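Right, one structure below, let's go through it.
The values are calculated or read from the model by the stated rules, or taken from the named source; none is laboratory data. Predicted, not measured: the structure shown is a model, and the values here were computed from it. Reconstructed Cβ throughout: ideal geometry from the backbone, glycine too, with neighbour counts over all protein chains shown.
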Amino acid sequence: MDLTKLLPATARKLQFDPGQSFAGNVVVEQINTLIEQRCALTIRRLTDPATDNDAAAEPTV
């Protein structure tokens with residue numbers, strides 16, 4: 001669960017790191033958005049028993 005909380009912030013930090021050339025890259029932005037969505041979904045599934053791992057609740061990419 002710790003990873004699902006740390007990963008989105010770490011990805012954003014890396015994206016905007018001046019030493020990298022990821023800022024403004026559309027594909028990197030899409031990857032970060034997907035990381036955020038999947039981490040949020042994982043947190044919901046691990047903490048909300050009513051979710052019951054329903055595949056229909058997954059956001060489409």
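A few comments on the model shown:
- In this entry, ASN53 is excluded by the filter for residues that are at pLDDT 90 or above and of a type outside the set (Asp, Glu).
- Of all residues making up the stretch 17-46, the number that are surrounded by 13 or more Cβ atoms within 10 Å (Cβ to Cβ), more than 9 Å from the chain's Cα centre (by Cα) and hydrophobic (A, V, I, L, M, F, W, C): 3
- Every residue from the stretch 1-30 that is assigned to a loop (DSSP other than H, G, I, E, B) and either within 30 Å of THR47 (Cα to Cα) or touching a residue at least 24 places away in the same chain (Cβ under 8 Å) (or both): MET1
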